[in-house]
Amino acid sequence: MNESVGISGFSLFVPPYRVQLRDWCTWTGNSWDKTRAVIGNSFRVVGPDHSVYTMAANAALRLIEDYAIDPQSIGYLAVGTESGTDNATSAAVVVRGLIDEALRASGKQPLARDIEAPEFKQACLGGVYGIKGALRYLAVDGANRKAIVIAGDIAEYSRGSTGEATQGAGAVAMLLEHSPKIMEIDVRKAGSATSYRAVDFRKPFLRFCSQTVLDDGRPRDFPIFNGKYSTACYIDETLCSLSAFFGRQSTNRLQYIRNLAAVFMHRPYHRMPVAAWTYAYLFALGADKDQGLDELGRLAQEAGVSLQDVLNEMSVSPDLLGRALQGDLAEEAYPLTAQLIKPLRKTAAYSDVIEGKLKLGASVAMELGNLYCGALPAWVAAGLHEAAAHPESLASKEILMIGYGSGDASEAIAATLVAGWDRAAARINIDAALAGAIDLTQSQYEALHDGKQVADLPLGAAKGFCIQKIGRETGADFQDFGVEYYRLKA
């Protein structure tokens, strides 16, 4: 990779329908104070006229317009999602069809015919895999071309489940190219980790076998999951990808973490990345034989645990799968290390390294809910847009992005902001994407969630693609059962 490659633009699309979690707590009897602190403030709900394909296309069209991209220059179009409703065709091929239609309608050239259009699926990590694929394309055989990667999903859980407050819907489109305008990324320094976790978070096809067609025609994709076990898996896998990341760096782990400008992680809900990054800092202390061990020792003493026992625990990745197969769903991946978190919260390091590194863009992310594949890039986009007002805070500094997908897989990727990054970041459409939100009543939310018709549902004003109808034909001469047809709103 002689010429730098990276990201030059972001664009966000979320559906207009919003559930305020304060209202949701009133409807369900949950604590608003706890929900706000742990989860966030609100989440978006997909309407009857949107799917992951329409959201992805709308995000990409906004990206092309906002960054004046020549459609013929695109050589790679990827979509990372776990919400596709077709088990054969790549989501990227569907999305390219919508993009072409909109471009032709506006008198522009469509996307080039000779582009790659892959879909990536690995729970919430598909978008990150799409980014890595695009960077490799640009570095190897994509000379003089650009790439667009879209990460988007519909995150939904059964009403009354522990995951209900962590729902969300939306898509983020990203422009990647040579000599990027926002951030340079060297994938040779990225850290990867994968593990099979069996019953962490899954979406088996068997769930659909008895599902009838709902009023809106969209199957409900409620996952099976085991929440505390999933948290343990998330923490362990991100720590493993970070370990692989630092194995490729010639730098002191603790010093690197302290010097980072900002950290962005996959965020199913607000407190999850906070918890994982706290463990990352504690493990960095344990890896530093000078200052780090002294600080870790003080924390262990205050927690009443043996420092050596903590270090021994940190040295071995737990067998979470083996325990799960024996019927023991671990609630803590590293139980001794977990006891150090309480005393750590009292220190200046917690305020600076944990809360401080994660604060950029967090207020916007708390309004979106969980976007699955789109959660990490949406947070990054929000953080960079926020920081663009004070560009000196991040100029020529490194940020760290940690992606995660249940099941499990994680990627730790560093990026360096380039000179003038703030001009491109200022064009990120955060404000426009969030504008025009329609707060749902309890009856409207429950009907939308359950796939029922909502007679009094207000129409969103956003232009772009929406679903016109869903095919129902199963005849011998023509079949389109389940195929979405789209229309373009001017």
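Which is farthest toward the positive dipole end of the chain among 158, 353, 227, measuring Cα position about the Cα centre, with Cβ charges +1 (Lys, Arg) and -1 (Asp, Glu)?
353
Two decimals is fine: what's Rg over Rh for the chain, C-alpha atoms, Kirkwood radius as Rh?
Numbers: Rg = 22.4 Å, Rh = 23.2 Å.
Rg/Rh: 0.97.
Rounded to the nearest 0.05, what FRET efficiency is calculated for residue 198 and residue 251 with R0 set to 41 Å and r the Cβ-Cβ distance? Walk me through the numbers before you get to the answer.
Details: r = 35 Å, r/R0 = 0.86.
It comes to 0.70.
Could you give the accessible area per residue of the chain, probe 1.4 Å, as a whole number in Å²? List each step's numbers first, then the result.
Working: 20430 Å² over 490 residues.
With all protein chains present, the chain gives 42 Å² per residue.
What lysines could a cross-link reach from residue 452, if we take a straight Cα to Cα line under 19 Å and drop same-chain neighbours fewer than 8 places away?
Straight-distance partners of residue 452: 469.
Any idea what diffusion coefficient the range 390-490 gets from Stokes-Einstein, in µm²/s, Kirkwood Rh on alpha carbon pairs, 4 °C, 1.567 mPa s? Working shown, then result.
On the way: Rh = 19.2 Å.
Answer from the Stokes-Einstein relation: 68 µm²/s.
Looking only at the range 95-123, which residues have a backbone nitrogen under 15 Å from a spot 7 Å from the Cα of residue 141 in the C-beta direction?
Residues passing the 15 Å test: 114-118.
Please give the net charge around residue 260, taking every other residue with its beta carbon less than 13 angstrom from that of residue 260, where Lys and Arg add +1 and Asp and Glu add -1. Walk me through the numbers on the way to the answer.
On the way: positive: 253, 258, 357, 359, 397; negative: 352, 398.
Result for the neighbourhood of residue 260: +3.
How about the range 446-490: which chymotrypsin sites (Phe, Trp or Tyr not before Pro) there lie in a loop by DSSP and see at most 13 other Cβ atoms within 10 Å?
Passing both the DSSP loop test and the Cβ count: 478, 481.
Rounded to the nearest 0.05, what FRET efficiency do residue 328 and residue 30 give with R0 = 41 Å and r taken as the Cβ-Cβ distance? Could you check? Numbers along the way, then the final one.
Details: r = 29 Å, r/R0 = 0.70.
Using R0 = 41 Å, I get an efficiency of 0.90.
Output the pairs from 132/189; 203/463; 34/342 with a Cα-Cα distance over 20 Å in this structure; if there are none, say none. Before the final figure, lay out the partial values.
Working: 132/189 12 Å; 203/463 32 Å; 34/342 18 Å.
Beyond 20 Å: 203/463.
Under a Cβ-Cβ cut-off of 15 Å, what is the net charge of the residues other than residue 49 that fall near it, where Lys and Arg count +1 and Asp and Glu count -1?
Details: positive: 44, 218, 452, 463, 469, 487, 489; negative: 215, 216, 484.
So the environment of residue 49 carries a net charge of +4.
How far apart, in nanometres, would the label points at residue 258 and residue 113 be if each is projected 7 angstrom from Cα along the Cα-to-Cβ direction?
6.0
Name all residues of the range 136-153 having a backbone nitrogen under 17 Å from the label point set 7 Å from the Cα of residue 73 along its Cα→Cβ direction, giving them as ranges.
From the range 136-153, the list is 138-139, 142-149.
Skipping prolines and chain starts, which residues have an amide H placed within reach, meaning under 5 Å, of the one on residue 429, given they are 5 or more residues away or on another chain?
12
For the range 1-124, what is the largest minus smallest coordinate of the Cα atoms on each principal axis, given in angstrom and ordered from greatest to least?
Extents along the principal axes: 54, 39, 30 Å.
Mean Kyte-Doolittle hydropathy of -0.5 or higher plus an axial Cα length of 27 Å or more: which whole DSSP H helices in the chain meet both?
Details: long enough: 227-247 (30 Å, 0.39).
TM-like helix candidates: 227-247.
Once R0 is set to 45 Å, what does the formula 1/(1 + (r/R0)^6) return for the Cβ-Cβ distance between residue 432 and residue 158, expressed as a FRET efficiency to the nearest 0.05? Walk me through the intermediate numbers first.
Numbers: r = 33 Å, r/R0 = 0.72.
Efficiency at R0 = 45 Å is approximately 0.85.
If you line up the Cα atoms of the range 153-279 on their principal axes, what length do they span on each, largest first, in Å?
Ordered largest first, the range 153-279 gives principal extents of 55, 35, 24 Å.
Tally Lys and Arg at +1 and Asp and Glu at -1 over the other residues with C-beta under 12 Å from the C-beta of residue 247: what net charge comes out?
For residues surrounding residue 247, the net value is +3.
Place a +1 charge on the Cβ of each Lys and Arg in the range 159-216 and a -1 charge on the Cβ of each Asp and Glu, then give the dipole magnitude about the Cα centre in debye, rounded to the nearest 20.
Values: 8 positive and 7 negative charges, 58 e Å.
It works out to roughly 280 debye.
Taking amide hydrogens as modeled 1.01 Å from N in the peptide plane, which residues meet the under 5 Å criterion relative to residue 183, leaving out close sequence neighbours?
7, 418
If you roll a 1.4 angstrom probe over the protein chains with everything in place, what fraction of the accessible area of the chain belongs to carbon and sulfur, to the nearest %?
Carbon and sulfur: 49 percent of the exposed surface of the chain.
The values are calculated or read from the model by the stated rules, or taken from the named source; none is laboratory data. All of these numbers come straight from a predicted model, not from anything done at the bench. Cβ atoms come from the backbone with ideal geometry, glycine included; neighbour counts cover every protein chain shown. Areas reflect the complete protein model, heavy atoms only, side chains present, ligands, DNA and RNA absent. Shrake-Rupley method; radii C 1.70, N 1.55, O 1.52, S 1.80 Å.
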